[in-house]
Amino acid sequence: MLQKLIRDISLNAKNVAPVLAAASSEQKNNALLFAADQIDAGKEEILKANKIDLEHMTQGKPSSFKDRLTLNDQRIALMSKGMREIAALPDPVGKTLASWQVPSGLKIERITIPLGVLCVIFEARPNVCADASSLCLKAGSATILRCGGDSLNSCLAIYDCLKKGIVKAGLPADSVQLVPVKDHEAVDELMKQKDCIDVIIPRGGKKLIEKVSCGPIPTFKHLNGICHTYIHKDANMDMAIKVLINAKLRRTSICGATETLLVDKELGKEKISKIINALSAAGCEVRADEFIKSFMPQLPSATEEDWGTEYLDAIISAKAVSGVQEACAHIRKYGSDHTEAIITDNTAAAEEFLNTVNSAVVMHNTSTQFCDGGEFGMGAEIGISTGKLHARGPVGLEQLVTFKYKVRGSGQVRK
């Protein structure tokens, strides 16, 4: 029975959480290293399982979904590499964030501690199984993984490797658990486990994230990755085009891909046309506003809906704006607080943009696709958070812990 299965998994996670919180750095690191070895050794079995998932993939899914679902030698190697890199990172648990003494003589410390039980709900990407569990384990938390039905066989194969590594290191087998069924109702049951699960991290489509966000358990989430690249009038054109092509087309299926291009009207028709033509030549459909269409009438029109659309495909909306403040206003109205970039050689304009835009990540002269925990030097990430409490931007090890206060006295009583 599904209800009993989810309840048992949740209770198991709650029971092992104190063991993981007390685990040494050596134990956690060994678990990750042993699991990475198991993934390398089990590559062929993982690929066989992934082939089954691809053959039975739900009909009508976009090409971006298939790309996220697909595993190959390189992606499996990156999984085990990522686990070893996480093992090499400093332990985020037990760090003294601050210490001080107050006039009463009390000595106070703020110390990092694990969050407890983390539930990661994801859809297509099987590599999340390894990435997420590795980060949660290193951060001293028990993990419940719930993958999409399309990736279940792949995730079961990866999970088998993770479990072997965890047990070999002497940690509880239930330190990481995978919900082994495809039932959509499993998410509903997980959302009821507020006495066991401390945080839910949804990684999937807007419907999933909206659903989980309405539940009683705190979440790290982002609804959309509507990222913008703004090419300012003082941009170096060669740089601007190179960065923009990467920001849009390197991988169209990731949340850090640019979905809207903003161009400064002062660039003029010739430079704007050059930018648009470069996108078109690279295979990207450009949907333009009326200003751009006035001299490039062959382009399809951008609608009001386009400005708020996360395409996850080789499509971009393009709008001409009059300066930094209009660009910022457009982002404020249509953006999703994810990642925005300005391309310019004008330092003052860059600082104005970086200071005005309140998205989780703001960039100058670089691709929005750099919004990634690994690229930020965090080793890895469990996702991107666009909320404003606790974790924001790439969620890495330091964001997967909370803190408590240790207060030491010598018999003080409060007056």
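The number of residues in region 316-352 that are touching a Cys at 6+ places or on another chain (Cβ under 7 Å) and farther than 22 Å from Ser385 by Cβ comes to 1. In region 169-192, the residues that are closer than 14 Å to Val212 by Cβ reach residues that are in a loop (DSSP other than H, G, I, E, B) with C-beta atoms within less than 6 angstrom, at least six apart or across chains, in these pairs: Ala186/Val179; Met191/Gly215.
State yes or no: is Thr303 of a type in the set (Ser, Thr, Tyr) and closer than 29 Å to Cys147 by Cα? No, not satisfied.
Please go through region 372-382 and pick out each residue that is open to solvent by less than 10 Å² (accessible area, probe 1.4 Å) and touching a residue at least 24 places away in the same chain (Cβ under 8 Å). First the steps, then the outcome.
Going through region 372-382, the residues open to solvent by less than 10 Å² (accessible area, probe 1.4 Å) turn out to be 373, 382.
Residue satisfying the conditions is Ile382 alone.
Cβ-Cβ contacts under 9 Å between residues 6 or more apart (or on different chains), taken from a first residue in region 78-101 that is closer than 16 Å to Ser141 by Cα to a second residue that is open to solvent by 40 Å² or more (accessible area, probe 1.4 Å) and hydroxyl-bearing (Ser, Thr, Tyr), are listed as Pro90/Ser25; Asp91/Ser24; Asp91/Ser25; Val93/Ser25; Gly94/Ser25.
Scanning region 206-241 for residues that are modelled with pLDDT under 85 and small (Gly, Ala, Ser) turns up just one, Ser213.
The values are calculated or read from the model by the stated rules, or taken from the named source; none is laboratory data. Bear in mind the structure is a predicted one, so any value in this text is a computation, not a measurement. Backbone-built Cβ (ideal geometry, glycine too); neighbour counts: all protein chains shown. To get the accessible areas, we keep the full protein, side chains included, count just its heavy atoms, and leave off ligands, DNA and RNA. Shrake-Rupley method; radii C 1.70, N 1.55, O 1.52, S 1.80 Å.
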